[in-house]
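A short worksheet on the structure shown next.
The values are calculated or read from the model by the stated rules, or taken from the named source; none is laboratory data. From a predicted model like this one, the values you see are computed outputs, not experimental measurements. A quick note on method: Cβ atoms are made from the backbone with ideal geometry, for glycine too, and the neighbour counts reach across all protein chains shown.
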Amino acid sequence: MYTNLYTKILIMKALKYLLVFILIFNLSCRDRDDGIRDWFQDPPVSPITQTIKTVVPVGYAASLVAKDMKGFKSSNIKYVKEKSSKLLYVDTNTDYPYKFKGDTYGEMIIAYIQTDLNTALVSVFFTEMDIVSGNFELQNIIAFPVVIDDINNKITAVYVSIDVNLGLNSEVGLDLTSAEIEDNLLKLENEQTELTEVAIAQNAWIIDIYHQGTYDNLLDDKFKIFGGQQAMAVENYDTESSAGVLQMAMIDVDFSSDCIKNPTGGHVFMQDVEVATSTNSSEIVFGHVFYEFHPNCDGEILVNIATGNFIFAIGKELDLGLN
């Protein structure tokens, strides 16, 4: 009798301990699963969106310049001759087909100097440009070359820029020489401050515009975009610190006015590395992504291959937010 009672007590204690163990195990697994879920994330698409918003106006401006160089005029565009250069004033409300969601443009001003029969040096300005996604505002593109290829019915624009932003330490624009960039970085290096922000972006893009043999009709233009971007950022606000490097390349990307929601062909390769630390925690983002554009005009881009934090995004279609 006592033996049976003792056995029952032992069984009850064992069940009690087992129940506590199961409860603790479930809670720890839940915390661990939440942590794992937080670590994995979708890769960024805003650098792709921002690049498209930058290079498409460049391609459109190149087409307008080629059209003018070939002797075709538009009744809605104002043409002004200034010494050796020419100015084109474009009303974006009526003459600009590439309006992306949430952006305002105002008047588009194109200035160019024709250097020979099929070559020009071009600059683009928007009077009220406001791009809502990303940090880069396309207000002034420094001069870029435009070349007309009559054999292949193609216009090529080459856009290269270096953007240095020293945050609170200095006000720096886009039009910098190499000496000015080095001088500002040296100034930053010598400053003793806990408020530091440095961002450097380098872009090089080739935009081929296939005009289908119709210089006077810009709506049938087909863009091919190639090139790359490298962006580096360092921040140190008191004890909060972060650093990041993003590298991106676009390969054979197709874009036209037939679909402004997304490019309809081509690939994007991206590498993203970010480290953020504070007194309480640290976060690391590291991964590679190989995106693919598809012919469906649905505003999305496909994640074909991904590694690191982005590995669970393979097969996802992410919204570009263009339109």
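For this structure, a couple of remarks:
- Residue match in the range 99-110 (condition: within 24 Å of Ile225 (Cα to Cα), among the acidic types (Asp, Glu) and modelled with pLDDT of 90 or more): no
- All conditions but one from (1) farther than 23 Å from Ser257 by Cβ; (2) surrounded by 10 or more Cβ atoms within 10 Å (Cβ to Cβ); (3) modelled with pLDDT of 55 or more; (4) among the charged types (D, E, K, R) apply to Lys53; the one that does not is (1).
- Only listed residue being acidic (Asp, Glu), farther than 27 Å from Ala231 by Cβ and at pLDDT 90 or above, chosen from Asp68, Asp34: Asp68
For every residue, the table says whether it meets (1) in contact (Cβ under 8 Å) with a residue 60 or more places away in the chain; (2) under 30 Å from Asp319 (Cα atoms).
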position	(1), (2)
Pro47	yes, yes
Ile52	yes, yes
Ala66	yes, no
Ser75	no, no
Lys83	no, no
Leu87	no, no
Lys101	yes, yes
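Matching residues to (1) crowded, with 20+ Cβ neighbours inside 10 Å; (2) not in a strand (DSSP E or B):
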| residue | (1), (2) |
| --- | --- |
| Lys81 | no, no |
| Leu87 | no, no |
| Tyr98 | yes, yes |
| Ile110 | yes, no |
| Thr115 | no, no |
| Ser123 | no, no |
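Results for (1) buried (at least 17 other Cβ atoms within 10 Å of the Cβ); (2) within 13 Å of Val45 (Cα to Cα), shown as yes or no for each residue.
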| site | (1), (2) |
| --- | --- |
| Phe255 | yes, no |
| Val275 | no, no |
| Glu283 | no, no |
| Tyr291 | yes, yes |
| Cys297 | no, no |
| Gly308 | yes, no |
| Leu320 | yes, yes |
